[in-house]
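Coordinate-derived values only; no laboratory data. Fair warning: this is a prediction, and the values are worked out from it, not measured in the lab. In this analysis, Cβ positions are derived from the backbone assuming ideal geometry, glycine residues included, and neighbour counts consider all displayed protein chains.
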Amino acid sequence: MSEARFRIKRFDPESDAAPRYDTFVVPYEGNLTVLEGLFSIQERQDGSLCFRYCCRAAVCGSCAMYINGRYRLACQTNVGQLPAGDVTVEPMPHLPLVRDLVCDMTDFFAKYEYIKPWLIREGADEPEREIPQSPKARRKLDMPIDCILCGCCYSSCPSVWGEENYLGPAALLKAYRFEVDSRDQARRERLPNFDNERGVYRCHTITNCMEACPKELNPTEGIQWLKGAAVRRRLFGRLK
Amino acid sequence: MIRHQLVIVGGGLAGLRAAVEAKAAGIDVAVLSQVHPGRSHSGAAQGGINAALANNPEGHDDTPEKHAFDTVKGSDYLADQDAVYQMTQDAPPAIFEMEHWGCPFSRYDDGRIAQRPFGGAGFPRTCYGADKTGHYLLHTLVEQAYRRRVTMYIEQFVTSLIVADGRCRGVVAYDMVHGGFEAFVSDAVIIATGGAGRTYSNTTNAIISTGFGAAMAYHAGVPLKDMEFVQFHPTGLYTTNILMTEGCRGEGAYLLNDLGERFMEKYAPSVMELAPRDITARSIWTEILEGRGIGGKDYVYLDLRHLGEQKIAEKLPGIRDLAIHFEGVDPVTEPIPIVPSQHYTMGGIDTDHDGVTVLPGLYAAGECACVSVHGANRLGGNSLLETIVFGRRAGKAVVEFLAGGGGRAAPAAAEVAAAETLASVQTRIDKLSRAAAGENAYDIRTEMIDTMKLNFGIFREARQMQEGIDKLLSLKERLPRIGLRHAGGAFNLDMIRTIELEGMLDVALATAVGAFKRTESRGSHARTDYPNRDDEHWLEHTLALYRPDGPPELAVKPVALGMFEPQERKY
């Protein structure tokens with residue numbers, strides 16, 4: 001039997017004057033993920049603890065947190081692989097808080113919606129065959145389609161901290177995902193939504209997003225591509 | 001009180017597909033989901049989605065008829081054949097539609113959608129996007145829901161159905177973000193809440209796959225059909241039961257025992273590792289029971305090493321990541337320890353092939369429903385298909401129901417019933433909050449899921465099942481002694497998980513009683529005391545009817561045959 005000591009940031013904006021850190025000791029056998037540790041605490045020690053969860057297999061993006069000072073998915077973080085000492089668990093910083101480890105993701109998804117995150121194409125109803133796409137064209141999508149919208153990149157981006165209207169890495173990566181899709185015919189429809197003062201030019205290639213991403217994606221690269229596309233469009237009237 | 005014409009509970013593939021359909025027809029639709037829809041468990045599906053596109057040269061003469069035959073044979077002849085044929089006919093247009101909406105399927109050199117071999121299929125029929133097909137399909141439908149401005153109430157835990165004058169008229173939900181309960185009054189409700197995997201301790205399913213949506217319908221008097229049919233996926237990671245897609249074997253992976261043998265040769269020599277899931281899971285479990293698990297333990301190996309790093313990177317990148325992160329094993333250099341794990345609930349809310357239930361105004365689609373297209377054993381690649389085909393059909397059925405006057409019935413009665421349901425939910429929560437914390441809900445939950453794993457697992461037998469039923473009934477008696485340890489507020493997990501438990505226990509009992517009463521072996525339901533299929537007595541569906549104070553009552557319903565004569569099932 002092993003033991004892990006969790007130090008968890010607690011705060012209920014409704015009733016608490018200030019955040020505090022609570023400490024819990026969790027006994028376990030074999031392996032323990034941070035998410036399993038949180039469930040053990042919620043079930044056995046403090047029924048009021050709250051956090052998001054769903055797939056526990058790193059595909060749904062629910063349990064993004066700030067663990068020992070790094071962005072991680074709680075379900076994918078093995079306590080045994082962290083440095084010895086307390087496991088410090090905090091909500092993703094720089095985001096509004098619902099309670100304890102649950103951040104308010106309203107703005108995050110509003111910005112996602114703003115960039116028109118869907119394939120824009122005429123005549124899509126009741127098709128009789130697929131739109132052909134070469135494996136080479138499809139490979140351009142490999143990186144951005146793996147985004148799980150966990151919010152780590154968004155929380156980690158200093159440009160988001162400094163400008164609340166900046167769309168941030170996740171929404172722009174989604175714009176990139178469609179702009180590079182050979183099937184997308186948006187031309188000018190999506191462009192004004194990222195080629196503006198809320199959009200790509202606020203990225204200063206700090207690359208925190210790359211470091212924060214638990215799926216090891218590269219939003220910065222996508223944003224630079226969008227910048228190039230937007231500038232070409234302005235200079236030569238060409239997007240892709 | 002919030003009003004919409006149609007309320008959909010669940011924002012996974014089935015719920016969103018229904019929402020898109022109803023919204024396109026001009027219906028005022030609202031989706032209520034316990035998580036952001038993009039986080040639904042549909043997104044965890046890996047291997048692919050079946051449709052007779054005939055894109056693969058080996059399957060150039062594939063047809064919906066052949067797809068239907070494979071599905072019916074795979075179901076051990078318990079699936080309703082008219083519903084299956086409906087699904088396989090709807091499949092190709094459903095795939096092309098998802099593709100036109102942006103789903104990033106993997107491609108052949110000529111630009112067509114790629115298809116891979118899957119278990120129980122005559123030839124490669126499973127369309128895929130690497131090994132993340134569910135994620136790609138789910139995000140595509142989330143995108144379409146945003147595009148069409150479908151109203152979404154995110155992080156709402158639906159606790160009860162509102163029923164007035166024998167009609168379903170909405171739901172009551174707990175608003176997780178703001179705290180508090182609200183009634184949503186509607187003319188129709190579609191339940192699309194997924195499977196009940198979490199009633200077992202050894203499941204591949206997401207933590208929110210509790211079966212609670214099915215339990216709500218069940219409590220409202222709608223039967224649960226064929227709940228004894230529980231699919232064990234052959235390959236869950238040994239320590240966590242996280243899914244390793246059938247696509248691994250589709251791409252050529254081996255199953256190996258402690259002697260290094262490809263033991264499937266003994267059980268399904270003609271198809272080897274690509275036997276249907278029930279047969280493969282039983283074969284693995286037999287190897288383990290006979291002492292040929294790795295090092296005598298309760299797991300075997302899934303070996304991908306001979307596929308090579310490049311093919312793994314291209315076709316199975318997610319599998320490699322999961323194996324490294326969750327099992328500490330790199331499949332490029334080491335075999336993966338795997339164990340059969342609860343994976344899919346073939347049974348569910350009794351519906352027809354338009355999602356219609358016996359309760360007017362209530363519809364169901366996806367894994368929480370039982371049409372039945374999977375019968376006693378679902379083929380891999382057919383569940384994603386089921387969600388979008390029957391999600392769409394349920395949406396369409398509601399549109400027709402409302403056009404036919406379904407929306408005009410007694411709004412005053414609905415509001416009275418809504419207020420009553422809301423009050424009764426609140427009374428119940430108050431009572432739970434005031435109760436002394438006698439029983440810990442999580443003790444009961446743990447005992448329940450272990451009972452399901454041990455007494456209603458891959459192999460079943462009367463005495464063990466009777467003990468299991470007795471155990472579940474004793475747990476049910478302990479429910480009223482639970483007290484909440486946290487009252488009120490936002491994100492009250494203690495409350496949500498306690499309410500869930502009651503539904504889970506009733507769903508588990510429906511599985512248990514169905515399994516005990518069905519005295520035959522068919523598909524996933526394998527009884528050591530009744531090892532043969534018994535078409536004379538059991539070529540029929542079971543219906544579990546909820547009884548508040550004890551086990552469910554069981555009735556039966558005929559299977560729709562007509563296309564394919566039941567035969568002995570051999571591979």
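Brief remarks follow.
- Long-range tail of P(r) for chain B (Cα pairs > 38 Å, %): 25 percent
- Across B:Lys297/B:Lys453; A:Lys215/B:Lys453; A:Lys111/B:Lys315; B:Lys73/B:Lys225, pairs whose alpha-carbon gap is larger than 22 Å: A:Lys215/B:Lys453; A:Lys111/B:Lys315
- Magnitude of the charge dipole, segment B:81-222, Cβ model with Lys/Arg +1 and Asp/Glu -1, debye to 20: 160 debye
- Using θ = phi - 60° and Karplus 6.51 cos²θ - 1.76 cosθ + 1.60, couplings along segment B:532-546 (whole Hz; Gly, Pro as x): 10, 6, 10, 5, 4, 9, 10, 7, 7, 7, 9, 10, 9, 10, 5
- Choice from A:Asp86, A:Asp22, A:Asp107 showing the highest fluctuation, given a GNM over chain A with Cα pairs closer than 10 Å: A:Asp22
- Excluding exposed DSSP-loop GluC sites (Glu not before Pro) (at most 12 other C-beta within 10 Å), longest clean stretch of chain B: B:1-289
- Counting only other chain Cβ atoms within 10 Å of each residue's Cβ, the peptide A:127-137 averages 6.
- Separation of alpha-carbon centers, segment B:234-282 and segment A:194-238, rounded to whole Å: 44 Å
- Net charge in the neighbourhood of B:Pro117 (other residues with Cβ under 15 Å of its Cβ; Lys, Arg +1, Asp, Glu -1) is 0.
- When only Cα pairs below 8 angstrom with a gap of at least 6 residues are kept, segment B:235-340 shows a relative contact order of 35 percent.
- Chain B: relative contact order in percent, alpha carbon pairs under 8 Å with at least 6 residues between: 21 percent
- Counts of other chain beta carbons within 10 angstrom of each beta carbon in peptide A:37-50 average 5.
- Charge dipole of the protein assembly as shown about the Cα centre (unit charges at C-beta), most positive-ward option of B:Ala423, A:Gly85, B:Ala268: A:Gly85
- Computed per residue of chain A from DSSP H runs no shorter than four, each worth -39500 (n - 2.57), the mean residue ellipticity at 222 nm is -8500 deg cm²/dmol.
- When peptides B:488-494, A:154-160, B:292-298 are ranked by their average number of other Cβ atoms within 10 Å per residue, the highest-first order is A:154-160, B:488-494, B:292-298.
- Inter-centroid distance (Cα atoms) of segment B:347-363 relative to segment A:104-150, Å: 32 Å
- Only Lys, Arg, Asp and Glu carry charge here, each on its Cβ (+1 for the first two, -1 for the last two); on that basis the protein assembly as shown has a dipole of about 1940 debye about its Cα centre.
- The mean number of Cβ atoms from other chains found within 10 Å of a Cβ in peptide B:66-73 is 0, as a whole number.
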